[in-house]
Each structure stands twice: as structure tokens, then as C-alpha cells.
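Here the structure comes first, spelled out in C-alpha cells, and everything after it is commentary.
Each reported figure results from applying straightforward, stated rules to the coordinates on display, with no laboratory input. The model shown is predicted, which means the values in this text are computed figures rather than measured ones. Methodologically, a virtual Cβ is constructed for each residue, glycine included, from the backbone with ideal geometry; neighbour enumeration extends over all protein chains shown.
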Amino acid sequence: MDVMTHGDPVAVPLSDERDRLGAAYREHLTDTDLRTLVHADQVCAGDAAARIAVLARQPALILDVLDRPATTAALLNLATDRSSELSFVSPFLVFAAAVHRTAADLTATSYAPERAAPRLRVPVFDAAHLVGYLADGWHRLFLTELLASFARTSSGVTVTRTRHGLQRRRWDDLDPERLAILLDALPAPQRPGVWRRLGDLAVFLAGVFPDALHQHAPRTVDATGLARRTGLPGPPAPGLDGADLLEWLGAGWYRRAAEASTAAPARTALRDAAEHIHQARRVLNTTADRYLFPLHSGWFTPAR
């Protein structure tokens with residue numbers, strides 16, 4: 001997954017920053033995505049082909065379209081309608097619609113639900129903090145890219161030579177323990193990508209599948225060993241469990257990736273991801289509850 005890039009919000013004019021952000025969205029969108037956006041957006045009238053051409057030339061306008069709640073509602077309805085030819089859109093567009101719709105929803109409330117236990121929600125009055133997080137368009141892109149990256153997952157086998165012969169170990173990027181195997185198999189320049197993916201996985205599991213954390217999240221004793229294996233400093237604090245434990249691990253993995261990255265924009269983006277991992281997880285909890293669960297069977301399909 002490509003690392004998002006952050007510019008200096010003081011040094012870069014707002015219009016240029018929005019153009020760069022729109023261009024980053026445009027890179028992910030297919031021609032079918034643009035046609036679907038135009039079809040779903042009922043605010044702007046006119047010839048569809050001309051409107052598509054405008055979006056392609058001025059990608060910052062894509063952000064305006066996605067920020068309209070009626071448009072994102074139409075996109076999400078199309079995504080769940082498998083009989084419609086307009087449902088053949090990229091996962092990125094579907095998840096962008098879900099994230100932008102969540103941002104609009106949170107501006108109209110003072111709280112967001114927190115999963116205290118499987119099938120149990122309690123209100124947490126932190127919506128203002130989540131709205132502040134989502135006000136940064138790069139954070140919306142980060143969450144969208146993260147979700148889209150898990151629409152197709154990967155696994156494989158590493159082969160290393162030991163004194164006892166060849167050792168084969170299977171890795172899987174939906175399992176932190178198995179994904180960590182790649183750190184032993186890859187040369188140092190490629191390890192930041194693994195730490196980044198581990199951080200993404202922690203956010204994804206805690207954000208989208210918190211009801212299953214009691215089955216899949218590492219326990220504190222397991223997390224201590226996992227932290228040691230993946231180069232994190234110190235064991236987690238006593239008493240951490242579930243989402244809190246994954247947040248601790250994920251923030252540590254993002255920081256580890258930042259330390260090992262050679263590009264300054266990547267280091268900035270990864271440190272930002274570590275600093276805001278709690279907000280990212282909470283936003284994804286709300287997004288999953290409201291918009292993603294109907295899509296799980298169609299979009300989150302492991303590649304084997």
C-alpha cells in the first residue's frame with residue numbers, strides 16, 4: 001500500500017493543497033468510478049461526458065462531490081446493488097463514500113458508539129475530536145486507502161536456509177503473528193513496508209472487526225512476544241486488552257516504520273498515523289457499523 005504524503009499546511013497554499021489531495025484521489029479512481037460519481041451526483045446538471053472531463057481535469061472537484069451526503073448515499077446504495085452495472089466500481093470509491101459520509105454524520109452528533117462488548121454499544125461523547133481528525137482531508141484519504149488495501153489480501157511462503165536445511169513459513173497479512181514473519185525474511189530496506197502493513201492491520205482489525213477481537217486479537221502475554229519480535233520497545237502496559245492493545249501495537253509499528261523510512265514525507269505520514277491511531281480506529285468503528293457491514297462479503301475477500 002502506498003504511503004500517503006503530507007504537505008506542510010502552513011507553507012502550502014490551501015488551493016494547492018486541495019489540488020494535491022484531489023490528484024491523490026484521482027490516481028485511485030477508474031473511468032468507471034468517474035462515470036459513477038457523475039451519475040450519483042444530482043447537484044450538477046449538464047452533459048455527463050462533459051462533467052466527467054471536468055472531474056478528470058480538476059480532481060479537486062472530486063472532493064466536493066464526495067462531501068455531498070446525498071451523493072455518497074447514492075454511491076453506497078449502488079455498491080450494495082449487485083444487479084446494477086454501476087456497482088462495478090473500485091473498492092476505493094466505495095470506501096471513500098463511506099468515510100466521507102461518516103464525516104458528514106459525525107458533524108451532526110455529539111457522540112459516537114463504542115463497542116464495549118460483542119453486540120453492545122455505549123455512547124462516547126468524543127464526536128468533536130473525530131470531526132477534527134476528519135477535517136484533515138489527508139486523514140480521510142488515509143482511512144480510504146487503508147480500507148481499500150484490505151479488499152484483497154495476500155499470503156505466501158518464505159523459504160530460509162538454516163543449519164538444519166530449508167525452513168518454510170507461511171505469512172498472511174490478515175494475521176499479525178504471520179505477517180511478522182516477513183521481517184525475518186526481507187532485507188532491511190524493505191522492512192518499513194512490513195511495519196506499515198502491521199500498523200494498518202492493527203487499525204483495520206480494531207476498527208472494522210472489534211466484535212471479533214476476543215477471538216483474533218493477541219492477548220497481553222502474546223503481544224509482549226509479538227512486540228519483541230517486531231522491534232517495539234518495551235512490553236505493553238498491564239491491563240491493555242482488545243482494541244487498546246491493538247492501538248498500542250499499531251502505533252509502535254507505525255513509529256518503527258517511520259524510523260526506518262528514508263523519505264521525509266513517508267516519515268511524516270507514518271508519525272501522524274501513530275499519533276492519531278485512536279481517532280482512526282474510532283472513525284472506522286462508526287463507518288463499519290453504519291456502512292461497511294453490508295459490504296463485507298463482497299469487498300473484503302482474501303486472496304489465496
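Evaluation of Ala180 against the conditions (1) within 16 Å of Leu249 (Cα to Cα); (2) surrounded by fewer than 24 Cβ atoms within 10 Å (Cβ to Cβ); (3) out of contact with any strand residue (DSSP E or B) (no Cβ under 9 Å at 6 or more places or on another chain) shows that the sole unmet condition is (3). If you check every pair at least six apart or on different chains, which have Cβ atoms under 7 Å apart with a residue in the range 85-114 that is without any contact (Cβ under 8 Å) to a residue 24 or more places away in the chain and surrounded by 24 or more Cβ atoms within 10 Å (Cβ to Cβ) first and a residue that is of a type in the set (Gly, Ala, Ser) and assigned to a helix (DSSP H, G or I) second? Pairs found: none.
Number of residues in the range 226-261 that are on the phi < 0 side of the Ramachandran plot, without any contact (Cβ under 8 Å) to a residue 60 or more places away in the chain and not in a helix (DSSP H, G or I): the value is 9. Figure legend. Inter-residue proximity from the range 119-148: first residues over 22 Å from Tyr254 (Cβ atoms), second residues in a helix (DSSP H, G or I), beta-carbon distance below 8 Å, spacing 6+ or different chains. Indicated pairs: Arg119/Asp211; Arg121/Asp289; Val124/Arg282; Ala127/Leu106; Val131/Ala103; Val131/Leu106.
When you look at Leu134, is it crowded, with 16+ Cβ neighbours inside 10 Å, within 16 Å of the chain's Cα centre (by Cα) and farther than 28 Å from Gly231 by Cβ, yes or no? Judged against the criteria, Leu134 is a match. Does Gly207 meet the test of being at positive phi and either aromatic (Phe, Trp, Tyr) or touching a helix residue (DSSP H, G or I) at 6+ places or on another chain (Cβ under 8 Å) (or both)? Against the criterion (at positive phi and either aromatic (Phe, Trp, Tyr) or touching a helix residue (DSSP H, G or I) at 6+ places or on another chain (Cβ under 8 Å) (or both)), Gly207 does not qualify. Put simply, of Arg271, Arg281 the only residue that is assigned to a helix (DSSP H, G or I), without any contact (Cβ under 8 Å) to a residue 40 or more places away in the chain and within 26 Å of Phe95 (Cα to Cα) is Arg271.
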